[in-house]
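Enquirer: Structure below; questions to follow.
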Amino acid sequence: MSNVFMGMPTLPVFGMGNLHIEEPFPAAAHRELGNTQMRANLRHATHTIRDKRLKVVAELPDWEELRDAGSATKNHVMANLPALLEEFEKNFTARGGTIHWARDAHEANKIVADLIREQGTTEVVKVKSMATQEIGLNEYLEERGISAFETDLAELIVQLGHDKPSHILVPAIHKNRTEVRDIFLKEMPNVDPDLTDEPRKLAMAARAHLRRKFLSAKVAVSGANFALADSGTLAVVESEGNGRMCLTLPETLITVMGIEKLLPGKEDLEVFMQLLPRSSTGERMNPYTSLWTGVTEGDGPQNVHLILLDNGRTAALADKYGRTALNCIRCSACMNVCPVYERTGGHAYGSTYPGPIGAILSPLLTGIKSEENSSLPYASSLCGACYDACPVKINIPEILVHLRGEDVDSKRGAKKLPSQMDLMMKGASWAFSSGKHLALLEKGLPLGKLAAGRDKKIKALPGIAAGWTQSRDMLAPPTQSFRDWWKKDHTPVAPTHKQEN
Amino acid sequence: MSAKEEILARITSALHDAPVPAPIPREYRKGSDMPRAELIELLVDRLEDYKAHVDVVEQEELPATIAERLRDAASYVVPHGIDEAWLADAALANDGRRRIDAPGAVLSVTDLDETGAVLTSSAVSIAESGTIVLDGTPSQGRRAISLVPDHHVCVVPVSSIVRLLPEALPRMDISRPLTWISGPSATSDIELERVEGVHGPRRLDVIIVKGL
């Protein structure tokens, strides 16, 4: 088909799956803030990783030049996406791979389930993948009698704990070692009952638990970090070797990848493979990277499939101020420096994508009018730390502000009654319009004492002002206004003139 | 409309403002003139930081070093294209531990799981990041043999070491199955504490060979 645009623009088609939050961010954040164990675990983890990141980034004299190249490459990819996708498909197919296209989460899930059934199996091993998390693949397969075993240690902890991931790189970041041990003791069959909470012992328990699965699995499901258009090559970046196990040993490999993951060619890997490990785990390089181009006779899976997923990505691409959110390489550097994420944790964001990138990516994929996600662009102090940390220079604060504007615009005119905010603004306009009005209002100050407790602090304000006291106390107002004090205590004196010569 | 046609139409529509991206600047380091001795030193430092064990040897010392590194293994696998001279040490010759993986005569996954170690060569190494690349050619074998055994002994010829990733990529054949290895298997998933050894080989011994 032609890639030349002819005719009316199609309406954006938004994504579905694990992208929608179930309750607005302020309510979820309020609950999560009360989890002091989670906050302590998270503070330790994010501070450890951000210090490591700064150290290895400082080693590279050309870090900023790499960021410039990475950012420009991604913009180039987005502007030329149809041609690059066609080129990738041609090369991947020529090497014996099969490409499928999926408009949304449901279509992608169905393709995966059908491919697994064709192999006559009901068990698959999985490499950690954001795309399959986003489309809710595990749940979809489970409902159809197919067991998907997560093999990344953190994903395994989350899966065995019947929990949800809370970080895109370290999904179990909210759990400490004791909590992990308790989950293993409860949920892992044949586990040593004397298992300690030493991370090495826990990792070895995971190894023993998954070994047989790796060696006997017929089908594996993975995501992909990069896809090279000019050769049809896919890349998976990992640490534990579970990725290599899944990508190498089974006969059938099914990969699910967002359409935005493309890179033009091999030369671009030299930029992104420097940016990604340093930004994500704070390492000079991750222990293992696997690259495969279709099928290689005698080495690895001989039945290789790739599902190219839209699920709202084209809708994000249509937002010309927000589209650079698709440049994200899922390194998670933004969440590790975010003061809001550090306190609320990833679960408060609801979506598969938490933290600053999630606050823009989720509403872009689902549409800002999606009722629940419209609160996400406000989940930020706009401090800009995420923009500084982003290896591909996504201007997250700017996109947050843009999406807040979109949210306000989308709600304009929908209201029949004036909101509390409208009334407050009207009141303020009256109060500040004349000194007399303000003086009149100040007579009410002593009333503030009634709202405060014995510690002279107001802990809950009513209505729209409640947001202010949700996470902080407010001092009670003084019993007397400045004007009153001036009148009572300040006796006017005639000005004196100093003699100077 | 097929899914493909529909997605491509959506993209084309989304790009109706025809964004023109700036040219890609490539001002980052593409090459280096680091002397060979410093390259070796840098690679050793990086590999040891990942908790790999490193030997730097002359070519004539290689067979004895390999024999020493494989001493503890009850059995070991080699790809069919490995240089026979590397295995010439008396301690290795015909001691019954060697298994050869060759096209048409591949070891099963169970066989590999019961094999203690693996010996391979390597295609290219990047000193700055401590990365060794295997490319599936006959001296490195298919991907499974360097994955399933618990101990990997990897030979790195000095001539295959470069400093930077941009110097290494032109030396890689991208259409081959590639494995980039930076230290032994590791995880940082529990409290961000790095633990070496999960599913891949828990022990990585690197032998850097001068003159090779």
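The values are calculated or read from the model by the stated rules, or taken from the named source; none is laboratory data. This one's a predicted model, so the numbers in the text were calculated from it and none came from an experiment. As a convention, Cβ positions derive from the backbone with ideal geometry for all residues, glycine included, and neighbour counts pool all protein chains shown. Just the protein is used for accessible areas: all its heavy atoms, side chains included, with ligands, DNA and RNA removed. Shrake-Rupley method; radii C 1.70, N 1.55, O 1.52, S 1.80 Å.
Enquirer: Taking amide H positions as placed 1.01 Å from N in the peptide plane, with prolines and chain starts having none, which residues 5 or more places from A:D152, or on another chain, fall under 5 Å of its amide H?
Expert: A:K128
Enquirer: Seen from all sides and averaged, what is the projected area of the convex hull of the Cα atoms in segment A:104-168, in nm²? Please report the intermediate quantities before stating the final value.
Expert: Numbers: hull surface 17.0 nm².
Hull-based average projected area comes out at 4.2 nm².
Enquirer: How much mean residue ellipticity at 222 nm does chain B get from its helices, if each DSSP H run of length 4 or more adds -39500 (n - 2.57) and you divide by all residues, to the nearest 500 deg cm²/dmol? Mind showing how you got there, number by number?
Expert: Details: 5 runs with 43 residues, N = 212.
So the calculated ellipticity at 222 nm is -5500 deg cm²/dmol.
Enquirer: Amide H of B:D101 versus every other amide H placed in the peptide plane: which residues, excluding those fewer than 5 positions away on the same chain, fall under 5 Å?
Expert: B:V78, B:H80
Enquirer: Using a 1.4 Å probe on protein heavy atoms only, how many Å² of accessible area do B and A hide from each other, summed over both chains and rounded to 100? Don't jump to the answer; show the numbers that get you there.
Expert: Values: alone 12180 and 26190 Å², together 30470 Å².
Answer for the B-A pair: about 7900 Å² buried.
Enquirer: When we measure straight from the Cα of A:K201, which lysines land under 25 angstrom away, once same-chain ones fewer than 8 places off are left out?
Expert: The qualifying lysines are A:K52, A:K126, A:K128, A:K164, A:K175, A:K186, A:K213, B:K51.
Enquirer: For the protein assembly as shown, how big is the tail of P(r) above 52 Å, as a whole percent of Cα pairs?
Expert: For the protein assembly as shown, the fraction of Cα-Cα distances above 52 Å is 19 percent.
Enquirer: ³J(HN,Hα) across segment A:338-350 via Karplus (A = 6.51, B = -1.76, C = 1.60, θ = phi - 60°), whole Hz, x for Gly/Pro?
Expert: For segment A:338-350, the Karplus curve yields 7, x, 6, 4, 4, 9, 8, x, x, 5, 4, 7, x Hz.
Enquirer: Oh, and also: Of the peptides A:166-179, A:206-219, A:280-293, how do they stack up when ordered by the mean number of other Cβ atoms within 10 Å, highest first? Don't jump to the answer; show the numbers that get you there.
Expert: Working: A:166-179: 23.0, A:206-219: 18.9, A:280-293: 24.6.
Ranking, from highest mean packing down: A:280-293, A:166-179, A:206-219.
Enquirer: Over the alpha carbons of segment A:360-421, what is the largest minus smallest coordinate on each principal axis, giving the biggest first in Å?
Expert: 45, 24, 15
Enquirer: Another question about this same structure. Over what distance in Å are the Cα centres of segment A:127-166 and segment A:203-230 separated?
Expert: Cα centres, segment A:127-166 to segment A:203-230: 13 Å.
Enquirer: What net charge is computed for the residues neighbouring A:N138, neighbours being all others with C-beta under 12 Å from the C-beta of A:N138, Lys and Arg scored +1, Asp and Glu -1?
Expert: Spelling it out: positives minus negatives among the neighbours equals -2.
Enquirer: How crowded by other chains is A:280-286, given as the mean number of beta carbons from other chains within 10 Å of each beta carbon? Don't jump to the answer; show the numbers that get you there.
Expert: Values: counts 0, 4, 2, 9, 10, 12, 6.
Shielding by partners across A:280-286 averages 6.
Enquirer: Give me the percent of Cα-Cα pairs in segment A:278-404 that sit more than 26 Å apart, rounded to a whole number.
Expert: Details: 2483 of 8001 pairs.
Distances greater than 26 Å cover 31 percent of the Cα pairs.
Enquirer: With +1 on each Lys and Arg Cβ and -1 on each Asp and Glu Cβ, and nothing else charged, work out how big the dipole of segment B:34-210 is about its Cα centre, in Debye to the nearest 20.
Expert: Working: 17 positive and 29 negative charges, 90 e Å.
The calculated dipole for segment B:34-210 is roughly 440 debye.
Enquirer: Hey, another quick one. What angle do you read, to the nearest 10 degrees and between 0 and 90, between the alpha-carbon axis of helix B:3-14 and the longest principal axis of chain B?
Expert: Approximately 60 degrees, to the nearest 10.
Enquirer: Now a separate question. Counting Lys and Arg as +1 and Asp and Glu as -1, what is the net charge of the other residues whose Cβ lies under 14 Å from the Cβ of A:N303?
Expert: Working: positive: A:R95, A:R117, A:K218; negative: A:D114, A:E118, A:E251, A:E297, A:D299.
Net charge in that neighbourhood comes out at -2.
Enquirer: How charged is the neighbourhood of A:A217? Take every other residue with its Cβ under 12 Å from the Cβ of A:A217, and add Lys/Arg as +1 and Asp/Glu as -1. It would help to have the intermediate numbers written out before the result.
Expert: Values: positive: A:K126, A:R211, A:R212, A:K213, A:K218; negative: A:E123, A:E251.
Every neighbour counted, the sum reads +3.
Enquirer: Here is a further query. If you average 1/r across every pair of different Cα atoms in segment A:1-128 and take the reciprocal, what Kirkwood value do you get, in Å? Let's see the in-between values first.
Expert: Values: mean 1/r = 0.0481 Å⁻¹.
Computed over segment A:1-128, the radius equals 20.8 Å.
Enquirer: Calculate the length of the line joining the C-alpha centroid of segment A:176-200 to that of segment A:348-365, in whole Å.
Expert: 31
Enquirer: Give me the 1.4 Å probe accessible area per residue for chain A, excluding ligands and nucleic acids, in Å².
Expert: Numbers: 22340 Å² over 501 residues.
In whole numbers, chain A has 45 Å² accessible per residue.
Enquirer: Based on C-alpha coordinates, I'd like the Rg and Dmax of segment B:34-210, in Å.
Expert: Spelled out, the Cα radius of gyration and Dmax of segment B:34-210 are 15.6, 47 Å.
Enquirer: Right, something else. Can you show me the helix-derived [θ] at 222 nm for chain A, built from DSSP H runs with n ≥ 4 at -39,500 (n - 2.57) apiece and divided by the number of residues, rounded to the nearest 500.
Expert: On the way: 23 runs with 235 residues, N = 501.
It comes out at -14000 deg cm²/dmol, rounded to the nearest 500.
Enquirer: Moving on to the next point. Quick one: putting +1 on the C-beta of Lys and Arg, -1 on the C-beta of Asp and Glu, what dipole do you get for the protein assembly as shown around its Cα centre, in Debye to the nearest 20?
Expert: Details: 81 positive and 94 negative charges, 666 e Å.
It works out to roughly 3200 debye.
Enquirer: Sticking with this one: How much accessible area per residue does segment B:3-131 have, in Å², with a 1.4 Å probe?
Expert: Numbers: 6110 Å² over 129 residues.
It amounts to 47 Å² per residue over segment B:3-131.
Enquirer: How much of the DSSP beta bridge set in chain A is antiparallel, as a percent to the nearest 5?
Expert: Just about 35 percent of them are antiparallel.
Enquirer: Order A:308-320, A:335-347, B:29-41, A:107-119 from most to least packed using the mean count of other Cβ atoms within 10 Å.
Expert: Values: A:308-320: 25.0, A:335-347: 23.4, B:29-41: 13.4, A:107-119: 18.3.
The most tightly packed comes first, giving A:308-320, A:335-347, A:107-119, B:29-41.
Enquirer: Sticking with this structure for a sec: Can you send over the solvent-accessible area of B:R202, 1.4 Å probe, protein chains only, in Å² to the nearest 10?
Expert: For B:R202, solvent-accessible area is about 90 Å².
Enquirer: Give the average, rounded to an integer, of partner chain Cβ atoms located within 10 angstrom of each Cβ in A:361-367.
Expert: 0
Enquirer: Using a 1.4 Å probe on the protein heavy atoms, what percent of the accessible area of the protein assembly as shown belongs to carbon and sulfur? Mind showing how you got there, number by number?
Expert: Numbers: 16440 of 30470 Å².
The computed percentage sits at 54.
Enquirer: So, in Å, what gap is there between the alpha-carbon centers of segment A:34-98 and segment A:247-309?
Expert: Computed from Cα coordinates, the inter-centre distance equals 13 Å.
Enquirer: Something else about it: Would you kindly derive the ³J(HN,Hα) couplings of segment A:161-177 from the backbone phi angles with the Karplus curve 6.51 cos²θ - 1.76 cosθ + 1.60 (θ = phi - 60°), listing them in order in whole Hz, with x for Gly and Pro?
Expert: With the stated coefficients, segment A:161-177 comes to x, 6, 10, 10, x, 10, 7, 7, 9, 10, x, 9, 4, 7, 9, 9, 4 Hz.
Enquirer: Further question on the same structure: Please identify the cysteines of chain A that lack any partner cysteine with a Cβ under 4.7 Å from their own Cβ.
Expert: A:C246, A:C328, A:C331, A:C338, A:C383, A:C390
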